[in-house]
Structures are given as C-alpha cells and as structure tokens.
Amino acid sequence: MTRVVLSSDHAAIDLRRAVADHVSAQGYEVIDIGPQTAESTHYPLHGRAAAEAVSAGEADLGIVLCGTGQGIMMAANKVPGVRCGVCSDTFSAAMIRAHNDANMLSLGARVLGEGLALEIVDAFLSTEFEGGRHATRVGMIEDAS
Ligand code: RB5
C-alpha cells in the first residue's frame, strides 16, 4: 500500500485533515504527523519532518500544507532526495509527477478551496513518472544538490 505522509503548519490544519480523510478513503496509508492543535508554529519544522520521512523511505509520497504552500515547500526541498512542488492547478500536479518525479506536493490553504485542493491531490497521486528523457533531467537536479 502506498504510504503518504502529511504535515502542515497552523494555517492549514483543517485542509490537512480534509486531505487526510480523502486520501485515506482512496485506500492509501496516511501518516499524519500533525501538528494537532491550531497553536502558531513554524512551517520549516513540519516541512522538514515530512520530507525526512520520504527521504528515509518511511513514506512513499508526501503532502505538505501551509498558508501559501510556499514556505513549507522550500523547507521540504532542503532534504536530500525530495522533490516538492507547490500546485494550485491539476495540470501542474500531474506534470510534477509525470516529468519531475516529484515525491511531495505542497498546497496553500489560504489560496485554495477544499474542492480544488482535493482534485489537485487526486491528480498528483494518480499520475506516474514517465521516465525516459525526464529521468535524465531529474538526475541533473539530483546531481546539482
Ligand atoms: C503563516 O502565517 C504563513 O506564513 C505560512 O503558513 C506560509 O504561508 C508560509 O509560506
């Protein structure tokens, strides 16, 4: 079963829970590492924690969320082997899997409504990496880090 780790900051707890329920209902194993309260916190901590779970092989894919999706994405991408993109549309969510072999998706809870966010999650999870020439380019990303 594909394991999906989720984390967020305080700005995205409600959307993270909606994503967790949605992903779980589709048969994925959800590893929700919080936080569990709406107390103000720091997105770099939560982005790194989810990214480290992916990097360590404890999860296959990750979904992180903050107000914009930007800060937590930046933190996640500091972890070796992680390729995380912010998406606000379904086309990009499919393409970061198909062409960039992204293993993490970032969402902005202050940017997206829940309906669109869940469609973006579906596009991300249902798309496979195409490999081929894209594997060469992804390798170049990894070589540069
Ligand atoms: C927190 O207020 C906010 O800065 C954070 O959720 C995120 O948008 C940062 O990128």
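Normalising the average separation of contacting C-alpha pairs (under 8 angstrom, six or more residues apart) by the number of residues puts the relative contact order of the chain at 23 percent. Please give the helix 114-125 orientation as an angle from the longest Cα principal axis of the chain, in degrees from 0 to 90, rounded to the nearest 10. Tilt of helix 114-125: around 30 degrees.
With only the Cα atoms considered, the range 49-133 has a convex hull volume of 83 Å³ per residue. Computed packing ranks the peptides 27-36, 73-82 as 73-82, 27-36, most packed first, by mean other Cβ atoms within 10 Å. Compute the Cα gyration tensor for the range 1-110, then decide on rounded, prolate or oblate, letting a ≥ b ≥ c be the square roots of its eigenvalues: rounded whenever a/c is under 1.5, prolate when a/b is larger than b/c in the other cases, and oblate in all that remain. It is rounded, given that a/c, with a ≥ b ≥ c, falls under 1.5. For Ala109, the residues 5 or more places off, or on other chains, whose built amide H falls under 5 Å of its own are Cys66, Gly67, Thr68, Gly69.
Coordinate-derived values only; no laboratory data. Keep in mind the model is a prediction, meaning the values are calculated, not measured. Don't worry about glycine lacking a Cβ; one is built from the backbone with ideal geometry, like all the others, and counts go over all protein chains shown.
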